[in-house]
1. Would you mind getting me the FRET efficiency between residue 146 and residue 91? Use the beta-carbon distance for r and R0 = 22 Å, nearest 0.05.
2. Using a Förster distance of 30 Å, how high is the FRET efficiency between residue 154 and residue 56, based on the Cβ-Cβ distance and rounded to 0.05?
3. On full extension of the chain, what length is gained from residue 106 through residue 29, given 0.36 nm per residue of separation minus the C-alpha to C-alpha distance?
4. When the chain is fully extended, how far beyond the present Cα-Cα distance does residue 171 get from residue 38, taking 0.36 nm per residue of separation?
5. From the P(r) of the range 17-182, could you give the percentage of C-alpha pairs in the tail past 29 Å?
6. Taking the highest mean first, how do the peptides 52-58, 35-41 order by number of other beta carbon atoms within 10 angstrom per residue?
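Laboratory data are not the source of any read-out in this text; all were calculated from the coordinates shown. Since this is a predicted model, take the numbers as computed values, not measurements. When we count neighbours, we look across all protein chains shown, and the Cβ atoms used for this are built from the backbone with ideal geometry, even at glycine.
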């Protein structure tokens, strides 16, 4: 597993945060070429399966499995607004044997995707092909000691501008919400 896929930060006791966006793409090829022109480093392609669970307080938790890696429980808090937003997240590794029983309820929705990861400094560029939805871009600029929130917002704005993505095309919904809205989710 490349180090770049690890989202735990030993230098920080607080919950990790990033500045993020999501936008639909008609085709991944132009975006792939554009991020390469920006100097992005290709960090790999992976098949991900995310099982979303609803918690008692209404928040959602996802169990992510990737072949050849330990499963992860991922929780996040973010404003449900479109556009650029700050998200807090926690990633907890889970033994693969436990992945099928944690949590014990049936998933609300299952999202299957092929994710290409590209890195530009502290920005994770995800080019996603999502089953039942199509192609999407996600940017996650990690807030850290060298990159404050304002810097991360500028980075995200610069990359979206270079990719020709208009602010009005940014969406707030998770893939789970998009699948639930479309009625095409698989459990």
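1. About 0.60, to the nearest 0.05.
2. About 0.20, to the nearest 0.05.
3. 24.1 nm
4. Here the answer is 45.6 nm.
5. 17 percent
6. For the peptides 52-58, 35-41, the packing ranking is 35-41, 52-58.
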